[in-house]
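Visitor: Before we start, here is the structure in question, set down as structure tokens.
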Amino acid sequence: AIWGAYLIRTMFLSLLGMVTFWTTRVSALFELAIAFELLLSGRLVPLELMPSWSQDLAYLLPFVWTFYFPIQALVGDLSTAGLLGGLAAQAGWTIALTGLMLVAWRHAVRRYSAVGN
């Protein structure tokens, strides 16, 4: 669960970093993404205390799988089915983000230009 969280978060932040190939002002987007991550991962407010619609949204995004799920797995609050489902969700997000990174990288390399020797 922890390695899956590491992979998902690293790829998500790498995708955010690749935005700099298209713009020079990425700090606002980065801060917005971190705010969403804090809120929807369960770091700022436990997911159980959030409205049901925001819990549903949180489970559709990768943030739950980078913080809340690994904590629940380590504490032992998950059933075997819940643990396997969470690991499958992490694997799915890892595959999806890998695909997005490959596509973004191909487009970014085409756009890149350097000046100098």
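Values in this text are rule-based calculations from the coordinates and carry no lab data. This is a predicted model, so every value here is computed, not measured. Cβ: placed from backbone, ideal geometry, glycine included. Neighbour counts: every protein chain shown.
Visitor: Please give me, ordered by residue number, the trypsin sites (Lys or Arg not before Pro) of segment 17-109 that lie in loop per DSSP and have at most 12 other Cβ atoms within 10 Å.
Guide: Arg25
Visitor: What stretch of the chain, leaving out the sites themselves, is the longest with no chymotrypsin sites (Phe, Trp or Tyr not before Pro) in a DSSP loop having at most 13 other Cβ atoms within 10 Å?
Guide: 23-111
Visitor: In addition: For the chain, what value does the Rg/Rh ratio take when both radii are computed over Cα atoms and Rh is the Kirkwood radius, given to two decimals?
Guide: Value, to two decimals: 1.06.
Visitor: Could you grab the relative contact order for the chain? Cα pairs under 8 Å, six or more apart, rounded to a whole percent.
Guide: With pairs under 8 Å counted, the relative contact order is 43 percent.
Visitor: Which value in deg cm²/dmol, rounded to the nearest 500, describes the helix-derived mean residue ellipticity at 222 nm for the chain, given -39,500 (n - 2.57) per DSSP H run of n ≥ 4 and division by the residue count?
Guide: Counting only the DSSP helices, I get -22500 deg cm²/dmol.
Visitor: Here's something else I'd like to know. How far apart, in nanometres, would the label points at Trp53 and Leu32 be if each is projected 7 angstrom from Cα along the Cα-to-Cβ direction?
Guide: 2.0
Visitor: Between segment 89-110 and segment 48-85, what is the separation of their alpha carbon centroids in Å?
Guide: That distance is 23 Å.
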